[in-house]
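The values are calculated or read from the model by the stated rules, or taken from the named source; none is laboratory data. Everything numeric here is computed off the predicted structure, so don't read it as measured data. Cβ placement follows ideal geometry from the backbone for every residue including glycine, while neighbour counts extend to all protein chains displayed. SASA here: full protein model, heavy atoms, side chains in, ligands and nucleic acids out. Shrake-Rupley method; radii C 1.70, N 1.55, O 1.52, S 1.80 Å.
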Amino acid sequence: MRGTGKRTASLLSILAVMLILSIVVPAAIAILKRSRSTAHKVACTGNLREIAKMGMLYADSTGLRLYPLGAGEHPRAHESLNVMVAFYSAPGLRLRPELFVCRSWNGSPAPADADGNFSLSEETCAYSWTSTSVSAPGGAVVISSDKHAFSWSRRSGHYGGMNVVDSHASVEWIPVEHLGPDGLPEGLTR
């Protein structure tokens, strides 16, 4: 009889530990997912701010006082950003391909050649860009953001909204419900 009581106590102890773990583990996983999402937003904010600053320097350096804009009536984001990448192709000014890949996006950086040159494409650029010529001075105008707000199936992004940067390099989080019908702020293209 005495051995049965010890086994019952051991069994109850094991069940108590399992109950506690069944409560603590899901809570810990939720906290880790939230921190990962926050880290991705922060990294994305840094990328967008740097892209905006490079756009500002491009506008000042070219004397055009305009942000880079690719050829075509409605250029894709990567075509416009390639104008800026080509402008910064000199040693010491070269941009990194990783700058154009948000950590919450399932894409890979553009492959660079031996000289460090690269070209962005739909598959290697995680950001949208303005689809019209934007004058650098004056009031702030949205110039870039995450590329996909509504396409969770193929490429993932930040859930619930996107980071958006303006022509003064100020980044703001925009909830999905405040975006246009295509999932982008007005005036941007994928």
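What are the residue pairs meeting all of these: first residue in segment 160-182, first residue in contact (Cβ under 8 Å) with a residue 24 or more places away in the chain and more than 28 Å from Y58 (Cα to Cα), second residue open to solvent by less than 60 Å² (accessible area, probe 1.4 Å) and assigned to a strand (DSSP E or B), Cβ atoms under 8 Å, and 6 or more apart or on different chains?
Going by the 8 Å Cβ cut-off, the qualifying pairs are V176/G161; V176/M162.
So how many residues does segment 168-190 have that are over 14 Å from S128 (Cα atoms) and either open to solvent by less than 20 Å² (accessible area, probe 1.4 Å) or of a type in the set (D, E) (or both)?
Adding up the residues that qualify gives 3.
For segment 45-82, which residues satisfy the criterion of being among the polar types (S, T, N, Q), touching an Asp or Glu at 6+ places or on another chain (Cβ under 9 Å) and more than 16 Å from Y127 (Cβ to Cβ)? Outline the logic, then answer.
Residues of segment 45-82 that are among the polar types (S, T, N, Q), as a first pass: 45, 47, 61-62, 80, 82.
Add one more test, that the residue is touching an Asp or Glu at 6+ places or on another chain (Cβ under 9 Å), and what stays is 47.
Once the filter is applied, which keeps residues that are among the polar types (S, T, N, Q), touching an Asp or Glu at 6+ places or on another chain (Cβ under 9 Å) and more than 16 Å from Y127 (Cβ to Cβ), segment 45-82 yields nothing.
Regarding segment 19-32, can at least one residue be identified that is open to solvent by 90 Å² or more (accessible area, probe 1.4 Å), closer than 30 Å to A112 by Cα and aliphatic (A, V, I, L, M)?
There is no residue in segment 19-32 that is open to solvent by 90 Å² or more (accessible area, probe 1.4 Å), closer than 30 Å to A112 by Cα and aliphatic (A, V, I, L, M).
Residues being over 19 Å from H40 (Cβ atoms) and assigned to a loop (DSSP other than H, G, I, E, B): count how many of those fall in segment 76-113.
Result for segment 76-113: 13.
Looking at segment 87-113, which of its residues are of a type in the set (A, V, I, L, M, F, W, C) and either surrounded by 14 or more Cβ atoms within 10 Å (Cβ to Cβ) or under 22 Å from the mean Cα position of the chain (by Cα) (or both)?
Within segment 87-113, the subset of a type in the set (A, V, I, L, M, F, W, C) is 87, 90, 93, 95, 99-102, 105, 110, 112.
Listed by number, the residues that qualify are F87, L95, L99, F100, V101, C102, W105, A110, A112.
Please go through segment 40-81 and pick out each residue that is at pLDDT 90 or above and β-branched (V, I, T).
If the condition is that a residue be at pLDDT 90 or above and β-branched (V, I, T), then T45, I51 are the ones that fit.
State all residues of segment 114-164 that are open to solvent by 30 Å² or more (accessible area, probe 1.4 Å), modelled with pLDDT of 70 or more, farther than 16 Å from C44 by Cβ and assigned to a loop (DSSP other than H, G, I, E, B); if no residue qualifies, say none.
If the condition is that a residue be open to solvent by 30 Å² or more (accessible area, probe 1.4 Å), modelled with pLDDT of 70 or more, farther than 16 Å from C44 by Cβ and assigned to a loop (DSSP other than H, G, I, E, B), then A114, D115, N117, S119, S121, E122, E123, T132, S133, G139, A140, V141 are the ones that fit.
Answer yes if at least one residue in segment 67-85 is open to solvent by less than 50 Å² (accessible area, probe 1.4 Å), closer than 22 Å to S170 by Cβ, in contact (Cβ under 8 Å) with a residue 24 or more places away in the chain and among the β-branched types (V, I, T), and no otherwise.
no
Which pairs do you get when a residue that is open to solvent by 20 Å² or more (accessible area, probe 1.4 Å), found in segment 36-62, comes within reach of a residue that is of a type in the set (V, I, T), reach meaning Cβ atoms under 7 angstrom, with the pair 6+ apart or on two chains?
Matching pairs, first to second residue: T45/V171; R49/V165; R49/V171.
Out of L81, L64, L93, I need the residue that is touching a Leu at 6+ places or on another chain (Cβ under 6 Å) and among the aliphatic types (A, V, I, L, M). Which one?
On the way: L64 fails: touching a Leu at 6+ places or on another chain (Cβ under 6 Å); L93 fails: touching a Leu at 6+ places or on another chain (Cβ under 6 Å).
L81 is the lone residue from the list that is touching a Leu at 6+ places or on another chain (Cβ under 6 Å) and among the aliphatic types (A, V, I, L, M).
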